[in-house]
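Here the structure comes first, spelled out in structure tokens, and everything after it is commentary.
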Amino acid sequence: MRPPVNARSPLVALAVLVLISVAVVADTYRYLSHTWDEPSHLANGLLLLDRGVYYFVHQHPPLPRLAMAVGPYLAGEHAMDPPTVLPISDFWGRMIQGYDEGRRILYHAGAYDRVLTLARVGILPFLGIALVATYVWTSRLIDPWTGVLAAFFLAATPT
């Protein structure tokens, strides 16, 4: 017979896991430069906030790009002049345009680290949402402690 488990214990464990995960990811901001696609996502988000247009449509929806752009936008960063819009069939050309636009945003004010950190902070809530969703889904299918374990495995995934 299994001993009764305090119903709050898995939730406390999940909360600690989410906080530690967010802290570990945020700690990398001070020594990791941007990834290859972050400038393009930032450019897309800022163009959408500034001008209501979504130029560099690749394969990503606008919500995470908006979340990434909110911090820099509130700190005074704005999209540069929109480039010449290439036809949708020119996928690689549009991707390079988005990357170049994002790099101009990151580097133009001489505050690269600040702008990149503000952009990355906007993405952190998605990590918490993914961990909580994994917990909820697994705990409904199996049990709460297995949900915590599944969320831990997700948090431990390097990507």
So for the pair residue 112, residue 141, with labels modelled 7 Å out along Cα→Cβ, what separation do we get in nm?
4.3 nm
Would you kindly derive the ³J(HN,Hα) couplings of the range 36-52 from the backbone phi angles with the Karplus curve 6.51 cos²θ - 1.76 cosθ + 1.60 (θ = phi - 60°), listing them in order in whole Hz, with x for Gly and Pro?
5, 9, 4, x, 5, 5, 5, 4, 4, x, 5, 5, 5, 5, 6, 10, x
What whole-number value in Å² describes the accessible area per residue of the range 112-159 for a 1.4 Å probe?
61 Å²
Just subtract the alpha-carbon distance of residue 51 and residue 28 from 0.36 nm times their residue separation and send over the number in nm, one decimal.
5.1 nm
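The values are calculated or read from the model by the stated rules, or taken from the named source; none is laboratory data. The shown structure was predicted, so the numbers you read here are calculated from the model rather than taken from an experiment. Don't worry about glycine lacking a Cβ; one is built from the backbone with ideal geometry, like all the others, and counts go over all protein chains shown. Each accessible area value is taken on the protein alone, full model and side chains, heavy atoms only, with ligands, DNA and RNA left out. Shrake-Rupley method; radii C 1.70, N 1.55, O 1.52, S 1.80 Å.
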